[in-house]
1. Quick check on the stretch 104-117. Is at least one of its residues part of a loop (DSSP other than H, G, I, E, B) and under 27 Å from LEU178 (Cβ atoms)?
2. Taking ALA114 and the conditions (1) among the small types (Gly, Ala, Ser); (2) surrounded by 13 or more Cβ atoms within 10 Å (Cβ to Cβ); (3) at pLDDT below 80, which numbered condition does it fall short on, given that it satisfies the others?
3. For the stretch 145-157, which positions are surrounded by 13 or more Cβ atoms within 10 Å (Cβ to Cβ) and out of contact with any Lys or Arg (no Cβ under 8 Å at 6 or more places or on another chain)?
4. Do the conditions hold for SER160, that is, is it surrounded by fewer than 16 Cβ atoms within 10 Å (Cβ to Cβ), in a loop (DSSP other than H, G, I, E, B) and either hydroxyl-bearing (Ser, Thr, Tyr) or over 19 Å from the mean Cα position of the chain (by Cα) (or both)?
5. Hey, MET153 hits all of (1) without any contact (Cβ under 8 Å) to a residue 24 or more places away in the chain; (2) under 20 Å from ILE24 (Cβ atoms) but one; which does it fall short on?
6. Identify, by number, the condition in (1) over 19 Å from SER31 (Cβ atoms); (2) touching an Asp or Glu at 6+ places or on another chain (Cβ under 7 Å) that LEU106 doesn't meet.
7. Which one is modelled with the lowest pLDDT, of the residues in the stretch 163-191 that are surrounded by 11 or more Cβ atoms within 10 Å (Cβ to Cβ), of a type outside the set (A, V, I, L, M) and not in a helix (DSSP H, G or I)?
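The values are calculated or read from the model by the stated rules, or taken from the named source; none is laboratory data. All values derive from a computational prediction rather than experimental measurement. Because the Cβ atoms are built from the backbone with ideal geometry, glycine has one as well, and the counts that use them run over all protein chains shown.
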Amino acid sequence: MSYLSIFIAAIFVNNIVLSQFLGICPFLGVSKKTSTALGMGLAVMFVMTLSSIVTYLIYHNFIIKYGLEFMTTVVFILVIASLVQIVEIILRKVSPALYQALGIFLPLITTNCAVLGIALLTVQKNMGLTQSIAYSLANAMGFTLAIVLFAGMRERLAKSKLPQALQGTPIALITAGLLSMAFMGFSGVGN
């Protein structure tokens, strides 16, 4: 699988949020403002790529070596939780405004199923290290694209007059569904 096809498939065709439905919690929770959504997307990009590298190395140099495949999910969760704590410390020192803007959602990256899902998928698909890095980076870019697009739509919808029954979560879910359907149009591109 070429790196270009990995990126096109992960960002557009098999978008982690809009096609595989992983990472829905931060997708819906942090997507009210474009700036916050972009910050969350970049934080997920960093954590997802770094965790993919670390989990790949641990899986191939420790888990397989000692026959501990049954511990894969638990080990990956611990690695991701540790990496999120590191990112949280760095953000607190480097960008306090972004740290405050993300609030409770930064620790939620720990439980973001998209991050764990990509780490597990790279192992299940038997990818090499460079393919794993490309795959995780591309999926993180797809996550960022989806959450920023969705945030932009939600910002515009907040300024629109909507029936009271559709305000808030109902219109957000309808918009997410329509965005997901729009991305389905890319399904013929990867073939």
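1. Yes, the stretch 104-117 has at least one match.
2. Looking at each condition in turn, ALA114 falls short on (3).
3. Matches in the stretch 145-157: LEU145, ALA146, ILE147, VAL148, LEU149, PHE150, GLY152, MET153, LEU157.
4. yes
5. (1)
6. (1) is the only condition that LEU106 fails.
7. GLY190
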